[in-house]
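Visitor: Provided herewith is a single structure, encoded as structure tokens, for subsequent inquiry.
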Amino acid sequence: MLAPERITDCKSEAHRLAWMARALRAGRTLSDAELWLAGVDRPQDLIDRLRAQGMSIVETTKRVVDAADEAHMDKAWRLALAPALLSPSP
């Protein structure tokens, strides 16, 4: 399924899942606040569905700045790195 360019243009949960999968595969780190502000009602539930579909997603934190220009650490998700990418090359 082809998802719109921006998550705010997604009209269905299926489109949101496709958008999130594409963004994660592209190397993005998606934050809980970013997804919630874009209209994703329960970001963790969608992450769990992507994991159930076989995506290896890890939870991390991401620095976000709120409307009052204050920084916070927010729950976020990214694709897990493959073990080959973690080990130094010979």
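None of the figures in this text is laboratory data; all of them are computed from the coordinates on show. The shown structure was predicted, so the numbers you read here are calculated from the model rather than taken from an experiment. Glycine gets a Cβ as well: all are built from the backbone with ideal geometry, and neighbour counts include every protein chain shown.
Visitor: Taking the Cα centre of region 31-80 as origin, work out the dipole magnitude from +1 charges on Lys and Arg Cβ and -1 charges on Asp and Glu Cβ, in debye rounded to 20.
Guide: Working: 7 positive and 10 negative charges, 67 e Å.
In debye, rounded to 20, region 31-80 gives about 320.
Visitor: When the dipole is taken about the Cα centre of the chain, and only Lys, Arg (+1) and Asp, Glu (-1) are charged at their Cβ, what size is it in debye, to the nearest 20?
Guide: Values: 13 positive and 13 negative charges, 93 e Å.
Around 440 debye, computed over the chain.
Visitor: Counting each DSSP H run of 4 or more residues in the chain as -39500 (n - 2.57), what helix-only mean residue ellipticity at 222 nm follows after dividing by all residues, to the nearest 500 deg cm²/dmol? Don't jump to the answer; show the numbers that get you there.
Guide: Details: 4 runs with 33 residues, N = 90.
Helix contribution divided over all residues of the chain: -10000 deg cm²/dmol.
Visitor: At q = 0.10, 0.12, 0.15, 0.18 Å⁻¹, what log₁₀ I(q)/I(0) does a Debye calculation on the Cα points of the chain give, no solvent, two decimals?
Guide: Here the Debye-derived log intensity ratios amount to -0.28, -0.40, -0.60, -0.82.
Visitor: What number do you get for region 31-80 when its Cα radius of gyration is normalised by 2.2 N^0.38 Å, N = residues? Mind showing how you got there, number by number?
Guide: On the way: Rg = 11.9 Å, N = 50, 2.2 N^0.38 = 9.7 Å.
The reported ratio for this selection is 1.22.
Visitor: Another question, then. At a Förster distance of 22 Å, what's the computed FRET efficiency of GLU5 paired with ARG25, Cβ-Cβ distance as r, to 0.05? Write down the numbers at each step before the final one.
Guide: Values: r = 15 Å, r/R0 = 0.68.
According to the calculation, E is roughly 0.90.
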